[in-house]
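The values are calculated or read from the model by the stated rules, or taken from the named source; none is laboratory data. Here the structure is a predicted model, which means the values were calculated and not measured. Glycine also receives a Cβ, built like all others from the backbone with ideal geometry; neighbour counts cover every protein chain displayed. Protein only, heavy atoms only, side chains kept; ligands, DNA and RNA dropped before computing areas. Shrake-Rupley method; radii C 1.70, N 1.55, O 1.52, S 1.80 Å.
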Amino acid sequence: MAKSTTGKWVSRVGAGGGGKAYRKTRPMNYYGAMALIVVLGLLTVVYSRYEYQNPPKPTVGTTWFASFAAQACGTDLPVLTPDTATFTAGFSVTNNNVLVISPKTADEAGGHATVAKFLEEHPGLTFTGNSFSLPNAQGAADPKYTFKNGDKCPAGSPDAGKVGKVSIAYWSTLTQKDPTITTDPGSIKFHDLMRLTFFFGPEGATPKQPSDSTQAYMVQLQQSTNGTGTTTSTIATTPSVPVTSTTVITPTSSTTVPHTTTSTATHPTTTVAPTTTTTVS
């Protein structure tokens with residue numbers, strides 16, 4: 001059967017991509033919307049990259065919290081002694097190995113808020129790139145808890161007999177799974193709710209993050225800070241999370257030291273406002 005005149009006309013229009021009237025009715029709004037989506041997607045990627053490369057920095061008057069741990073040869077080391085009420089610097093230690101980052105001067109704020117600055121204000125806690133020390137009761141570096149590259153892990157430790165080296169592992173956010181590892185404390189800029197571990201162990205070993213109780217207390221302190229620039233709880237109160245005894249070691253011996261949180265030291269009231277390296281898998 002021969003095609004009708006209308007059928008032939010439709011075929012010619014289809015083969016030619018439509019007539020002038022059809023081209024005038026093409027969905028330009030659709031193409032415009034697609035272009036807008038692409039542009040917004042690119043802007044989001046650029047902004048996210050900028051935020052990642054330029055994280056917020058603490059300013060004078062703000063208060064951030066970080067959790068800390070020290071480990072050697074597969075064993076947790078003792079917690080730091082909280083600073084007393086007479087401590088006046090902006091970076092301090094409170095209970096259960098929680099660090100308080102509350103800049104009081106310009107040289108503590110912004111890009112100056114680094115782990116190196118924290119160490120500067122706590123001379124007994126040291127990290128030189130090839131060794132680290134914890135402080136003794138007098139606040140000086142404790143030879144019993146000093147670890148150097150090339151030392152061997154002592155008998156009785158999980159890594160007994162293995163040669164160790166020092167490093168610092170940190171997790172900038174609570175969602176970061178794998179730590180960033182470095183030997184340069186000046187390159188580590190503080191973030192709110194950062195996790196930080198000083199580590200001595202054999203090559204290739206992965207440091208553990210601070211304990212669950214330390215992280216829970218850090219978050220508790222952060223959440224207790226309201227939006228008016230004041231804290232609603234005393235920082236030096238004993239954490240509600242139970243703390244168990246900790247096995248501690250030195251480069252030459254292994255000792256069990258009971259871990260308690262009965263210190264009566266209080267932390268000075270702070271005014272708050274809301275607010276190279278390689279990554280290992």
Largest-first ordering by accessible area, 1.4 Å probe, given options L80, L174: L174, L80
Return one whole number: the accessible area per residue of region 112-171 in Å², for a 1.4 Å probe. 44
Can you check what the net charge comes to around G124, using other residues whose Cβ is under 13 Å from the Cβ of G124 (Lys, Arg +1; Asp, Glu -1)? -3
Which net charge results for the neighbourhood of K165, defined as the other residues with beta-carbon distances under 15 angstrom from its beta-carbon, given Lys and Arg at +1 and Asp and Glu at -1? -1
Ordered by packing density, taken as the mean number of other Cβ atoms within 10 Å over each peptide's residues, highest first, how do 33-40, 150-157, 87-94, 202-209 rank? 87-94, 150-157, 202-209, 33-40
Compare the Cα positions of N136, V98, S157 along the charge dipole of region 77-164 (+1 at Cβ of Lys, Arg; -1 at Cβ of Asp, Glu; about the Cα centre) and return the one farthest towards the positive end. S157
Given the pairs K148/K189; K148/K208; K57/K148, which are separated by over 22 angstrom at their Cα positions? K148/K189; K57/K148
Rounded percent of accessible protein surface that carbon and sulfur make up, region 116-221, 1.4 Å probe: 52
Which residues in region 166-195 place their backbone N less than 11 Å from a point set 7 Å from the Cα of A116 along the Cα-to-Cβ direction? 184-189
